[in-house]
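Take a look at the structure set out below.
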Amino acid sequence: MAGHSQFKNIMYRKGAQDKKRAQQFARLSREIIVAAKEGGGDPDANSRLRGAIASARSANMPKDNIERAIKKAVGGGDEENYEEIRYEGYGPGGVAVIVEALTDNRNRTASEVRAAFSKFGGSLGETGSVAFMFERVGSITYPADKASTDAMFEAALEAGASDVESGSSEHEITCEPDDLANVRDALEAKFGDPERAELTWKPTSTTALDEDQAGSLFKLLEALDESDDVQRIAANFDVSDDIMSKLSA
């Protein structure tokens, strides 16, 4: 998933770290709350919650924050009710974009997403308008120094993964959606908590962008990423290393 990885890398370099960290914790808390409400507060019996907790630990989210989110979900009361929503549209250069959100205010989130697309040369479409250009997969990510390429490849395939892509910064393991929990648990037993373990959208093809198009697209993706409601973004773009270097400077 070149687009996803490229976008995350450039955002981490450009973003204000403290703000990004707080925003990341807020998103992780929402995922924990939704998972606990959906399947209960026991991670041993709730695969989605177990994955959310693993992601929170990998992000160095304090244990108290994790426990507070679970208690908020299972304790009843007047806490927020988060709704899962997916938006689809096109960005600069005809790039297909999928945005997944967890929100307690559908109107606010829709307004923020629509404004970002409009401001940076994109267009928001109907549900299903671009999803056919992606496949739903389980995605598990480990830092590159967690294991050698061969060791990660062998362990992932043994665990039931369908593909492994290893680069200079990370290993990305892909599996069928229904296999995510089992593959994650098997790899966790060998390598510890992954950086991410989630269901996501993998593009079946990519759209090559020039420097101007890529610059506009990154502004759109950054604007979407600024929304606290947005959990994940997938886009089917490809940018050359030369252009990435210029944009990262």
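Structure data summary
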{"read-out": "Dipole of the chain, positive end: most advanced residue of Gly93, Ser148, Gly138 [Cβ charges, Cα centre]", "value": "Gly93"}
{"read-out": "Label-reachable residues, the range 209-237, where backbone N falls under 12 Å from a point 7 Å from Ser111's Cα toward its Cβ", "value": "none"}
{"read-out": "Whole-angstrom gap from the range 123-162 to the range 183-213, using each part's C-alpha centre", "value": "4"}
{"read-out": "Share antiparallel - DSSP beta bridges, the chain, percent rounded to 5", "value": "95"}
{"read-out": "Farthest positive-ward along the range 90-249 dipole, Cα basis, beta-carbon charges - from Ile233, Gly192, Ser118", "value": "Ser118"}
{"read-out": "Overall Cα dimensions of the range 207-249, principal axis frame, Å, largest first", "value": "32, 22, 14"}
{"read-out": "Accessible area per residue in Å² at 1.4 Å probe, computed on the range 169-216", "value": "46"}
{"read-out": "Whole-number Å³ per residue for the convex hull built on Cα positions in the range 133-249", "value": "126"}
{"read-out": "Residue-by-residue Karplus 3J(HN,Hα) for the range 196-212, coefficients 6.51, -1.76, 1.60, Hz, glycine and proline x", "value": "9, 8, 7, 7, 8, 10, 10, x, 7, 7, 10, 10, 6, 10, 8, 5, 5"}
{"read-out": "Integer Hz, Karplus 6.51/-1.76/1.60 couplings in order for the range 26-34, x for Gly and Pro", "value": "5, 5, 5, 4, 4, 5, 5, 4, 5"}
{"read-out": "Other-chain or far-sequence residues with amide H under 5 Å of Leu209's (modelled H)", "value": "Asp238, Ser240"}
{"read-out": "Compactness of the range 42-96 as Cα Rg over 2.2 N^0.38 Å, two decimals", "value": "1.60"}
{"read-out": "Residues of type lysines that Lys72 reaches as a straight line, Cα spacing below 20 Å, ignoring anything fewer than 8 places off in the same chain", "value": "Lys37, Lys63"}
{"read-out": "Charge dipole (debye, nearest 20) of the chain; +1 at Cβ of Lys and Arg, -1 at Cβ of Asp and Glu", "value": "800"}
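The values are calculated or read from the model by the stated rules, or taken from the named source; none is laboratory data. Please read all numbers here as calculations on a predicted model, not as lab measurements. Quick reminder, even Gly has a Cβ in these numbers, built from the backbone with ideal geometry, and neighbours come from all protein chains shown. Accessible surface is based on the protein model in full, side chains and every heavy atom, while ligands, DNA and RNA are left aside. Shrake-Rupley method; radii C 1.70, N 1.55, O 1.52, S 1.80 Å.
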